[in-house]
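Read through the structure below, which is laid out as structure tokens, and then see the notes.
The values are calculated or read from the model by the stated rules, or taken from the named source; none is laboratory data. Keep in mind that what you see is a predicted model, and the values were worked out from it rather than measured. Here Cβ is always computed from backbone atoms with ideal geometry, including for glycine, and neighbour counts include all displayed protein chains.
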Amino acid sequence: MATVTLTIDNIKVEVEQGSTILEAAKKIGINIPTLCYMKDINAIGACRICVVEVQGARALQAACVTPVAEGMVVKTNSAAVRASRKMTLELIQSNHPQECNTCLRNNNCELQSLSEAMGLKEIRFVRPAQSHSKDDIDNSSPSIVRDPRKCILCRRCVAVCEKVQGVKCISAVNRGFETIVAPPFNQGLMDVNCTMCGQCSLVCPTGAITEVDDTDKVWQALDDPNKHVVVQTAPAVRVAIAEEFGMEPGTVSTGKLVAALRRLGFDSVMDTDFTADLTIIEEGNEFIKRVTEGGVLPMITSCSPGWIKYIEMYYPDLLAHLSTCKSPQQMFGALVKTFYAEKKGIDPANIVSVSIMPCTAKKFEAQRDELKDSGYQDVDVVLTTRELARMLREIGIDWENLPEEDYDAPMGLSTGAAVIFGATGGVMEAAVRTVYEVITKEPMPDINLTPVRGMEGIKEATLKVGDLDVKVAVAHTLGNARKLLDKIRAGEADYHFIEIMCCPGGCIGGGGQPIPTNLEVRLKRIGGIYKADEAMPIRKSHENPAIKAIYEEFLGEPLGEKSHKLLHTYYVPRGVYRKPEGLPDKVPSGDHH
Amino acid sequence: MGAECKCHCEQDNKLDALFAQYKGNPNGLIVVMAAIQETHGYLPKDLLIKTAEELGVPLSDVYGVATFYAAFSLRPRGRHTVNLCLGTACYVKGAPEVQAMLEKEMGIKAGNTTEDRRFSLDLVRCLGACGIAPVMTVNGEVYPRMTAEKVAEVLAKYE
């Protein structure tokens, strides 16, 4: 490998040819400040915060896009560099509302922390009329809010939407001071091809793109003595929430999470992991049925609502490949207002069903028209991990000293197979653990399906299940999903079963997770997920006694009539920019829902 | 229909040929958009959606390009385009008064088109004829040393 040697702040450094000054500096422990830069996703030299002095160059150079050269002499901390960075920050903020104290990103804003780090003492220029006003705020989506007033035009959201998700529903519109990052034709996110995944809200350095804050709805329910407020917690939340209280990413804090929710005043704290186990039973049986009776293959998982909206828009012709299973959130919602209400003798009209999710798209999913099989909206309010943390800070939770508590019955007991739903590959691994044993009637020799774990974009495995070689594939991010779907469309996919998760790393990297969520953090959360799996006394969904009980007491049998009504759903062909012609209104079209 | 044909069939054929030529090729974006602008006088929304679909370019990019270049218009243009120069020389010689009168006579703000699509009014920066400032053009025809008083008389020539 060819290398070059250069000098940065009087230190000699040898790096690979083609590296940038930013990367070379990092190698010797110099962190050049950045704002628009995102490793592997956005290197455009637009914000000018990372400027450095390069000897012989006529102007300051952006370190994130300037390649190193042999003998180059770089200064990252000269007076000119420091003055330029300050000026840039001042100019950005000349057109930025000074309302940090009431911003959702207060204390977790890159513009704020850069201003602090650069020692900014005053903002000398403030435009009397800012480019955008409160009228420009986009509240159309149930998942994501866009506030163009706070946008610094770094394009990180555009880059992640385009390069990671392959969607690009937003782009830079107009020019000069009028520039706005927005969907086309002044439409709201709800009216365009947005999947609601919220990856944009994870990478936004300021409060210009945030989750919709639904905490007030939950406070209101908790304060109402006539309401019975039930909460469910998604697998990925337990390995991330502690970050909001200064703990290491990946810290498994299931018991503390339960205790914290009780302190908020929820009447019943139960677990989405229970319905994750239920999903495995229903989906596993659906898979076996498709294989043995000649149904549509490959079957594709349906837990991830951003993924569901994506396939409904971009591949509506392939909807029959989706498992008809509702997501664990929606199965839980349907059961709370039927099974749970019946068991507790509570009128479902008085139940408020809340879920804590790593996901912004779950807010969209919860208000989909068809997900009302209990006779009510199955899930009333969805909070992201970030919103829950906000509520807990408001009541002064002392995270470190919280005790560990257990979930409430009858939907609180779960297995290791359920918790791994939170990481890419987890649903596949959980399904295999059950499908193998249901088909062969023998214990699986090694239940750890390591080939489908980890951050590789598309993972494949072939397993011998009885006489059948089951070929599976796992993809995370919609960009990777597209590659598999194109293979299916071309008739080149010989897989039996595919897992797709919308977000990088799966739900642990969801759009509602603590900020920052980057590769390093994702890997640590994945580590937490598998640690939690190993710590569970039961690690296969079909061995969960609470699952056996709900079939005996209430559901009957997998894929039975009651299961079909409460736990399965249909999908809606949407098209990208307009409704496609020649497709049914819903798939499966004969569904009685 | 012959010479009386008011539809866009000829233009549509031209566009269809371009769509076919650039199918799945984002590099054709500006060429296709310029052709739509030329044949329709503006960029209708449904044709921009078709452009996105045919070339495989996200609609947000198509719209971004449409709003970036001054050569593209998202609204139907008037039958007559009035360009008023607001370059330095024209400005100091009284172009703002001419602008005010044009806007009053047409009942629109600069950058817009009248309801009856008779006029589109645009402001430009220097037409390179400072010696005859303030300069105005209508459909390319030059009107030198414009004054607010002359506005009504000039506009009356264009139906």
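Structure notes:
- Verdict on A:Asn101 being assigned to a helix (DSSP H, G or I), surrounded by fewer than 19 Cβ atoms within 10 Å (Cβ to Cβ) and away from every other protein chain (no Cβ under 14 Å): yes
- Filtered by the rule that a residue be among the charged types (D, E, K, R) and over 19 Å from A:Gly396 (Cα atoms), the range A:239-263 gives a lone residue, A:Glu248.
- Options A:Pro316, A:Pro225; residue that is at negative phi, in contact (Cβ under 8 Å) with a residue 24 or more places away in the chain and of a type outside the set (Asp, Glu): A:Pro316
- Residue within the range A:397-404 that is surrounded by fewer than 17 Cβ atoms within 10 Å (Cβ to Cβ) and under 24 Å from the mean Cα position of the chain (by Cα) present: no
- Residues of the range A:540-558 satisfying the condition of being surrounded by fewer than 19 Cβ atoms within 10 Å (Cβ to Cβ) and in a loop (DSSP other than H, G, I, E, B): A:Gly556, A:Glu557
- Evaluated against (1) away from chain B (no Cβ under 14 Å); (2) more than 21 Å from the chain's Cα centre (by Cα); (3) buried (at least 24 other Cβ atoms within 10 Å of the Cβ), A:Arg156 falls short on exactly one condition, (2).
- Total residues in the range B:14-31 satisfying the condition of being under 18 Å from B:Ala70 (Cβ atoms) and surrounded by 15 or more Cβ atoms within 10 Å (Cβ to Cβ): the figure is 1.
- Some residue of the range A:184-191 being at the interface with chain B (Cβ under 8 Å from one of its Cβ atoms) and either surrounded by 24 or more Cβ atoms within 10 Å (Cβ to Cβ) or small (Gly, Ala, Ser) (or both): yes
- Residues located in the range A:569-586, provided they are touching a residue at least 12 places away in the same chain (Cβ under 8 Å), more than 14 Å from every other protein chain (Cβ to nearest Cβ), assigned to a loop (DSSP other than H, G, I, E, B) and surrounded by 12 or more Cβ atoms within 10 Å (Cβ to Cβ): A:Thr569, A:Tyr570, A:Val572, A:Pro573, A:Arg574, A:Leu583, A:Lys586
- Odd one out for A:Gly29 among (1) buried (at least 20 other Cβ atoms within 10 Å of the Cβ); (2) small (Gly, Ala, Ser); (3) assigned to a loop (DSSP other than H, G, I, E, B): (1)
- Odd one out for A:Asp469, checked against (1) crowded, with 19+ Cβ neighbours inside 10 Å; (2) assigned to a strand (DSSP E or B): (1)
- Some residue of the range A:89-102 being more than 24 Å from A:Cys157 (Cα to Cα) and free of Cβ contacts under 8 Å to residues at least 12 places away in the same chain: no
- Only one entry in A:Cys169, A:Cys151 is buried (at least 23 other Cβ atoms within 10 Å of the Cβ) and within 13 Å of chain B (Cβ to nearest Cβ), namely A:Cys169.
- For B:Ala52, the conditions (1) of a type in the set (A, V, I, L, M, F, W, C); (2) at pLDDT 95 or above; (3) over 13 Å from A:Ser171 (Cβ atoms) are fulfilled apart from (3).
Here's the yes/no breakdown for (1) crowded, with 19+ Cβ neighbours inside 10 Å; (2) within 11 Å of another protein chain (Cβ to nearest Cβ); (3) not charged (D, E, K, R):
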position	(1), (2), (3)
B:Ile36	yes, no, yes
B:Lys45	no, yes, no
B:Leu48	yes, yes, yes
B:Glu53	no, yes, no
B:Leu59	yes, yes, yes
B:Gly78	yes, no, yes
B:Tyr91	no, no, yes
B:Pro96	no, no, yes
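- Restricting attention to the range A:519-539, the residues that are surrounded by 17 or more Cβ atoms within 10 Å (Cβ to Cβ), outside any helix (DSSP H, G or I) and either touching a strand residue (DSSP E or B) at 6+ places or on another chain (Cβ under 7 Å) or of a type outside the set (A, V, I, L, M, F, W, C) (or both) add up to 1.
- Verdict on A:Phe245 being modelled with pLDDT under 95, within 30 Å of A:Gln93 (Cβ to Cβ), more than 18 Å from the chain's Cα centre (by Cα) and away from chain B (no Cβ under 13 Å): no
- Filtered residue count, the range A:525-549, keeping only those that are farther than 20 Å from A:Gly425 by Cα and not charged (D, E, K, R): 6
- Residue among A:Ala240, A:Ala208 that is in contact (Cβ under 8 Å) with a residue 60 or more places away in the chain, away from chain B (no Cβ under 14 Å) and under 22 Å from A:Phe266 (Cβ atoms): A:Ala240
- Residues of the range A:567-588 that are hydrophobic (A, V, I, L, M, F, W, C) and under 15 Å from A:Glu286 (Cα atoms): A:Leu567 alone.
- Hey, A:Ser84 surrounded by 14 or more Cβ atoms within 10 Å (Cβ to Cβ), in a helix (DSSP H, G or I) and among the polar types (S, T, N, Q) or not: yes
- Evaluation of B:Ala70 against (1) on the phi > 0 side of the Ramachandran plot; (2) of a type in the set (Gly, Ala, Ser); (3) within 14 Å of chain A (Cβ to nearest Cβ) (one fails), failing number: (1)
- If you go through the range A:249-276 and pick out every residue that is touching a strand residue (DSSP E or B) at 6+ places or on another chain (Cβ under 7 Å) and either among the charged types (D, E, K, R) or closer than 21 Å to A:Cys303 by Cα (or both), you end up with 5.
- Condition met for A:Asp408 (at pLDDT 95 or above, closer than 25 Å to A:Lys562 by Cα and among the acidic types (Asp, Glu)): yes
- Failed criterion for A:Glu178 (all others in (1) more than 24 Å from the chain's Cα centre (by Cα); (2) in contact (Cβ under 8 Å) with a residue 24 or more places away in the chain; (3) more than 12 Å from chain B (Cβ to nearest Cβ) hold): (3)
- Any hit, the range A:282-302, residues being buried (at least 21 other Cβ atoms within 10 Å of the Cβ), part of a loop (DSSP other than H, G, I, E, B) and assigned by TED's automatic domain parsing to the domain that holds A:Ile488: yes
- Selection count where residues are in contact with a strand residue (DSSP E or B) (Cβ under 6 Å, 6 or more places away or on another chain) and not in a strand (DSSP E or B), scope the range A:142-152: 2
- Top-ranked residue of the range A:537-560 - restricted to ones that are within 16 Å of A:Ala409 (Cβ to Cβ) and among the small types (Gly, Ala, Ser), ranked as farthest from the chain's Cα centre (by Cα): A:Ala549
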